[in-house]
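Student: Supplied in structure tokens, the structure appears directly below.
The values are calculated or read from the model by the stated rules, or taken from the named source; none is laboratory data. This one's a predicted model, so the numbers in the text were calculated from it and none came from an experiment. Cβ sites come from the backbone with ideal geometry, for glycine too, and all protein chains shown count toward neighbours.
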Amino acid sequence: MVDVVIIGSGPAGLTAAIYCQRFGLSTVVIAGRKWGGQLMLTTDVENYPGFRHILGPELMQKMRDQTKDLGVEIVDLSVTKLDTSKKPFLVTAEDKTFEGKTVIIATGADTKWLGVPNEGKLRGHGLSSCAPCDAFFFKGKPVAVVGGGDSAMEEAQVIAKVASDVILIHRRDEFRAQKAMIDKVMSLKNIRVLYNTQVMDVIGDTTLTGVLLDTRVISPKQGVASFDELVVAFSGVKKTNTQWELPRLGLFVAIGLVPNTQIFQGLELDSHGYVKRYEEKDENGVLKYFTKTNVPGVFTAGDVHDARYKQAVTAAGFGCMAALDVQRWLAEQEK
């Protein structure tokens, strides 16, 4: 049995492990078969403090190496079950089991991708899911954003500051985002909207050069009367009576995230599937715990509970907070 089992090996999980180990807590990280989190899908990273320029996988390797150098056990297996019904907690990772006095859930959230044929090939090569991370690399270039919610509006605003031309692609005639956010996007002169349009594929051999679209119904908001006029208005190339190619050098996917919480029974989740985080104050009203879940002894860190910020540096910060909470919680159990 160890003091803490950390499930997840992105910035949140590895930061939590570094702090736990330095506190003298016996720690094991269940990293998963695909360890490292979202940064493993990112090419250039230029907004993580301390690194002017580094590749996402390289940054995660450095975090992992630092964690291992401290003596933390890292297991590259995928967790299949977390039993919170009794203590110590039992974590099952494929054919192995681990007992922990505490658990930190840091499994992150995966981008909800489009599911089109060439998507995997072009991720990180013109296809992105994070404008704050990658906008700099599209300075002066024509790009597109796909989505219709708040995240898509945020992505569009960020990339519009550097891109020459931004086309917001939405499969419906109405956005799901807040009106205030829509108004901000529509006020930007270098953003145009494609309504009632579905992304069918991304195009390019080694880097993205275009997006294959399907537009079956022309929205009255579009300002054109026919499919052919729409294609011409956006400098596209007609393929069929409904499909056409839109030339773009970048595409930002913002159709949602999927928190990795499917295996966790007994933990309270919000309506979107994120782990609910509970703050606790002491008798003087001072914040005592920030990362607790509804299960005493189980804590959470990073994108698995954070649907707002979704940055590597904030995930690392949450990892630090979870470790501090674990240390305090374990000390209180010994009193």
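Student: List the number of the failed condition for residue 308; all other conditions in (1) part of a loop (DSSP other than H, G, I, E, B); (2) among the basic types (Lys, Arg); (3) in contact (Cβ under 8 Å) with a residue 40 or more places away in the chain hold.
Tutor: All conditions pass for residue 308, except number (3).
Student: Taking the options 74, 104, name whichever one is in contact with a Cys (Cβ under 9 Å, 6 or more places away or on another chain) and modelled with pLDDT of 95 or more.
Tutor: 104
Student: Which residue out of 181, 186 is closer than 19 Å to residue 310 by Cβ and out of contact with any Phe, Trp or Tyr (no Cβ under 8 Å at 6 or more places or on another chain)?
Tutor: 181
Student: I've got another one for you. Among the residues of region 40-71, how many are polar (S, T, N, Q) and assigned to a helix (DSSP H, G or I)?
Tutor: Count: 3.
Student: Take residue 102 and tell me if it is in contact with a strand residue (DSSP E or B) (Cβ under 9 Å, 6 or more places away or on another chain) and surrounded by 22 or more Cβ atoms within 10 Å (Cβ to Cβ).
Tutor: Yes, satisfied.
Student: If a residue has to be without any contact (Cβ under 8 Å) to a residue 60 or more places away in the chain and under 19 Å from the mean Cα position of the chain (by Cα) to count, how many in region 33-55 make the cut?
Tutor: Number satisfying all stated conditions: 7.
Student: Still on this structure, I have one more. Count, please, the residues in region 81-118 that happen to be closer than 16 Å to residue 9 by Cβ and β-branched (Val, Ile, Thr).
Tutor: Number of matching residues: 5.
Student: Which pairs turn up if I take residues in region 92-117 that are touching a residue at least 60 places away in the same chain (Cβ under 8 Å) and look for partners that are assigned to a loop (DSSP other than H, G, I, E, B) and among the acidic types (Asp, Glu) with beta carbon separation below 6 Å, at least 6 apart in sequence or on another chain?
Tutor: 108/303; 109/303
Student: Can you name the number of the only condition in (1) on the phi > 0 side of the Ramachandran plot; (2) at pLDDT 95 or above; (3) surrounded by 17 or more Cβ atoms within 10 Å (Cβ to Cβ) that residue 175 fails?
Tutor: (1)
Student: Which condition breaks for residue 226 when tested against (1) farther than 30 Å from residue 205 by Cα; (2) at pLDDT below 95; (3) surrounded by fewer than 18 Cβ atoms within 10 Å (Cβ to Cβ)?
Tutor: (2)
Student: Pick from region 72-88 the residues that are over 18 Å from residue 262 (Cα atoms) and part of a strand (DSSP E or B): which of them is farthest from the chain's Cα centre (by Cα)?
Tutor: 73
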